[in-house]
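The values are calculated or read from the model by the stated rules, or taken from the named source; none is laboratory data. Model, not experiment: these values are computed from the prediction. Neighbour counts are summed over all protein chains in view; Cβ atoms, including those assigned to glycine, are modelled from backbone coordinates with ideal geometry. What goes into the accessible areas is simple: the full protein's heavy atoms, side chains included, and nothing from ligands, DNA or RNA. Shrake-Rupley method; radii C 1.70, N 1.55, O 1.52, S 1.80 Å.
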Amino acid sequence: MNDLTWMKLAADEAIRAMPYQTFENPRVGAVIVKDGQVITTGYHEKFGEAHAEINAFNRVKNKTEFLGATLYVTLEPCSTQGKVGSCAVQIQNWGLKRVVVGSIDPNPSTNGKGIKMLRSAGITVDVLNTVENKEINPAFHYFYTTRLPYVQLKLAMSQNGFVAEKFGKRKKLTDELADTDVHRERATRSAIMIGSETMITDQPMLTVRHINISHKQPLRVVIDRRGRLQNTNFDFSNNWLIYTENVLFSKQHSYVKLMSGALKDILIDLAKQNIQSVMVEGGPSLIHSFLKENLWQEMLIYTTDKVLSKDSLKGISVSQKPKNEVQVGNAVKKVYINHQGGTQ
């Protein structure tokens, strides 16, 4: 078997991780091979816990088995201490002969430094520059290569293409199973974004529920250009951020920031706060704005079995074919990818 084949096995390990559990950390897989045989495998399982290489290492009791072995890992071993210590530092002491890396870590904290550390320790390091890791961790790579958050649009619609019966009236479209899937998607994102109309109409909590997570809740972001939320009774003091063009409103609370009116500027500001990814759950108006400005990378459309009257609020139509679609509860979930990049 050659390097690409072993790396494919490492990628298979990486996809065993659940995105809602790894959160802002990339899904990474590792395989350690000696004399053409797999000694051990591992993957990064949860945000803040041991990385793939360490999990693989810890599965073997007799550490002498690693002498002269080769480590295949989908992403460059980290060089910083972080939450769990530097993987590159620990790997230096295993007695490995060679490390094969799928792709260099785009995070500036490691970017090339992990490889340099291993080579300095006398370990041969080869980089394959495979695409698997980018495909497995699109938000992670997008954020660190563009310095903009990865934008995922999400909308639930009725079977006949509407999102609500009329303005100002709430209508539940998804069932419990579909809701759980939405919360699983939420748990992968650094922030959830809506518009003021959705906030006033639905008063959503925008928290991850229905599933267990060990990481922090996403930041809750509201676009309120006119300052409609200025005199409401909503409590925005805990993990909320409101962007507004209303100067007076922006001066009243620490969680309100003055915006220029451009969505791109909001994304730039969120990136400065290390927000890697944003799920936009706002109504069709906000979704249309992101589509119009090509500021999106992924879109989820949940088409449910509910039917609304013809005078209801219209959803959106998508001309391109979905990357995939699956039945979740009472909804068909379609996933669309922006192949034009959406980086401007």
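Below is a table of values for the structure above.
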item: Pairs, first closer than 9 Å to Pro149 by Cβ and outside the structural domain of Ser109 (by the TED database) in region 265-276, second of a type in the set (Val, Ile, Thr) and open to solvent by less than 60 Å² (accessible area, probe 1.4 Å), C-beta under 9 Å, six or more apart; result: Leu267/Val151; Leu267/Ile275; Leu267/Val278; Leu270/Val221; Leu270/Val278; Ala271/Thr146; Ile275/Val221
item: Region 324-344 - residue that is more than 23 Å from Leu148 (Cα to Cα) and free of Cβ contacts under 8 Å to residues at least 24 places away in the same chain and, of those, surrounded by the most Cβ atoms within 10 Å (Cβ to Cβ); result: Glu325
item: Test: residue in region 193-209 that is within 22 Å of Phe140 (Cα to Cα) and either assigned to a helix (DSSP H, G or I) or in contact with a Cys (Cβ under 9 Å, 6 or more places away or on another chain) (or both); result: no
item: Residues being surrounded by 14 or more Cβ atoms within 10 Å (Cβ to Cβ) and at negative phi - total across region 210-226; result: 11
item: Answer from Asn160, Asn129, Asn111 - the residue that is assigned by the TED database to the domain that holds Ala331 and either of a type in the set (S, T, N, Q) or open to solvent by 50 Å² or more (accessible area, probe 1.4 Å) (or both); result: Asn160
item: Candidates Leu300, Leu286, filtered to the one that is part of a strand (DSSP E or B), within 27 Å of Phe140 (Cα to Cα), in the same structural domain as Gln152 (by the TED database) and in contact with a strand residue (DSSP E or B) (Cβ under 8 Å, 6 or more places away or on another chain); result: Leu300
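Residues checked against (1) surrounded by fewer than 18 Cβ atoms within 10 Å (Cβ to Cβ); (2) acidic (Asp, Glu); (3) more than 25 Å from the chain's Cα centre (by Cα); (4) within 18 Å of His141 (Cβ to Cβ):
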site	(1), (2), (3), (4)
Thr64	yes, no, yes, no
Gly68	yes, no, yes, no
Gln81	yes, no, no, no
Leu96	no, no, yes, no
Val100	no, no, yes, no
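Rundown of residues vs (1) within 18 Å of the chain's Cα centre (by Cα); (2) farther than 14 Å from Thr130 by Cβ, yes/no style:
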residue	(1), (2)
Arg16	yes, yes
Pro19	yes, yes
Phe23	yes, yes
Gly29	yes, no
Ile32	no, yes
Gln37	no, yes
Gly42	no, yes
Ala50	no, yes
